[in-house]
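The values are calculated or read from the model by the stated rules, or taken from the named source; none is laboratory data. Given the structure is predicted, the values throughout are model-derived calculations rather than measurements. In this analysis, Cβ positions are derived from the backbone assuming ideal geometry, glycine residues included, and neighbour counts consider all displayed protein chains. What goes into the accessible areas is simple: the full protein's heavy atoms, side chains included, and nothing from ligands, DNA or RNA. Shrake-Rupley method; radii C 1.70, N 1.55, O 1.52, S 1.80 Å.
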Amino acid sequence: MSGNAELSASYLLHYTAHRDTSFIADFFTLDSGLVTMYARGARSGKYRALYQPFRPLYVSWVGERDLKTLTGIEASGSPIDFNDTAMACAYYFNELLLRLLPKFVAQPELFGHYLVALDALQQGGSDLSETLSNVRAALKAESGEISERCEDGETGETSETSETGETGETGETGETGETGETGETQQHRVQTTRLAATKQRLARLEPTLRLFELQVLDAIGVVPDFGLCANNSEAPDADARYRFYPSLGRAAQVLEDRPQYDPFEIHREGLIRNDAGVEVSGASLLALAARHFQCAENQGDIKRIMRPLLRIQLGDWPLKSRRYFEGVLRD
């Protein structure tokens with residue numbers, strides 16, 4: 001807990017206002033892990049703009065107690081620009097670090113994983129804006145072509161119908177019906193494209209979320225050995241079904257819809273009695289063991305495994321970032 005630091009590479013995870021001019025700020029630092037600091041005068045000083053998450057910083061501090069005193073802060077790069085969905089995921093990462101990491105324990109490997117994960121979120125979320133921009137541009141161009149065709153069509157129809165005496169009716173139909181239908185079609189296409197792009201973006205972010213969750217659990221030493229099953233201490237069979245018990249961190253092969261052993265017989269080894277287990281494929285367990293999350297077929301299983309593993313560490317205190325993420329999805 002003792003010791004000072006000078007210009008340590010850091011990211012701001014969270015801050016709260018203290019009195020009229022200061023912050024109590026939590027930083028994830030390269031050299032000392034999670035550090036909480038008192039930033040005197042930060043709310044009104046010239047460095048106020050630096051106190052934002054996802055901006056690489058250098059910070060210095062002094063102090064012998066848990067609450068350090070920040071003595072310097074400098075930008076070491078520009079803040080990362082996220083869209084709403086990626087931003088919600090990034091805040092989720094920050095909350096995992098705040099809730100699970102011990103203070104003053106250097107985590108240089110996890111610090112590197114955090115930088116890679118933020119970059120992956122930015123890259124994974126950038127395609128939606130580009131896709132929608134391209135769609136709007138294409139629709140705008142197409143709209144211009146349709147307008148030109150409509151104008152040509154109206155002129156031709158007017159000359160024909162003027163001979164038959166139906167000029168007014170034809171002109172009215174061409175002017176309102178066809179134009180209105182085109183506008184509705186364009187709106188529907190934009191909405192459909194937005195929904196499809198959002199689903200694709202979320203699917204791309206899933207591997208990044210699961211990998212960072214696992215990396216955080218690995219950093220605090222609670223990742224199970226997914227490569228061994230409880231039945232015979234051998235690697236899972238990719239084609240077999242297993243029941244994974246999060247509280248025990250072990251999986252048992254399912255035979256005729258029942259595990260090969262009664263999990264309650266090994267309660268003394270740490271199994272929680274309400275742990276009914278999660279049924280997953282052997283391929284999903286092997287993917288977790290190999291840290292390979294790109295296969296869409298395994299993502300559902302992996303999420304069902306990771307959620308209770310995280311819940312054991314987080315306890316019953318709900319994640320604030322989850323509410324933020326749900327709000328983004330509703331919007």
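Listed by first and then second residue, the pairs linking a residue in the stretch 94-107 that is within 14 Å of ARG311 (Cα to Cα) to a residue that is part of a loop (DSSP other than H, G, I, E, B), with Cβ atoms under 8 Å apart and 6 or more places separating them unless they lie on different chains, are GLU95/LEU319; ARG99/TRP317; ARG99/LEU319; LEU100/ILE220.
Of the residues making up the stretch 33-49, those that are modelled with pLDDT of 95 or more and either out of contact with any Leu (no Cβ under 8 Å at 6 or more places or on another chain) or under 26 Å from GLN122 (Cβ atoms) (or both) are GLY33, LEU34, VAL35.
On the stretch given as the stretch 281-319, residues that are of a type in the set (D, E, K, R), part of a loop (DSSP other than H, G, I, E, B) and either at pLDDT 90 or above or surrounded by 13 or more Cβ atoms within 10 Å (Cβ to Cβ) (or both) total 1.
Among the residues in the stretch 48-65, are any closer than 23 Å to GLU95 by Cβ, part of a strand (DSSP E or B), over 25 Å from the mean Cα position of the chain (by Cα) and not hydrophobic (A, V, I, L, M, F, W, C)? Scanning the stretch 48-65, I find no residue that is closer than 23 Å to GLU95 by Cβ, part of a strand (DSSP E or B), over 25 Å from the mean Cα position of the chain (by Cα) and not hydrophobic (A, V, I, L, M, F, W, C), so the answer is no. Residue pairs whose Cβ atoms lie under 7 Å apart, sitting 6 or more positions apart in sequence or on different chains, and linking a residue in the stretch 206-224 that is in a helix (DSSP H, G or I) to a partner that is charged (D, E, K, R), are ARG210/LYS303; LEU211/ARG291; LEU214/ARG291.
Results for (1) under 25 Å from ARG204 (Cβ atoms); (2) open to solvent by 20 Å² or more (accessible area, probe 1.4 Å); (3) modelled with pLDDT of 90 or more, shown as yes or no for each residue.
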| site | (1), (2), (3) |
| --- | --- |
| LEU67 | no, yes, yes |
| ILE80 | yes, yes, yes |
| ALA90 | yes, no, yes |
| ASN94 | yes, no, yes |
| LEU101 | no, no, yes |
| GLY112 | yes, yes, yes |
| THR131 | yes, yes, no |
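For the stretch 1-47, filtered to residues that are in a strand (DSSP E or B) and polar (S, T, N, Q), the residue that is surrounded by the fewest Cβ atoms within 10 Å (Cβ to Cβ) is THR16. Report yes if SER60 is farther than 18 Å from LEU211 by Cβ, without any contact (Cβ under 8 Å) to a residue 40 or more places away in the chain and surrounded by fewer than 20 Cβ atoms within 10 Å (Cβ to Cβ), otherwise no. So SER60 fails the test.
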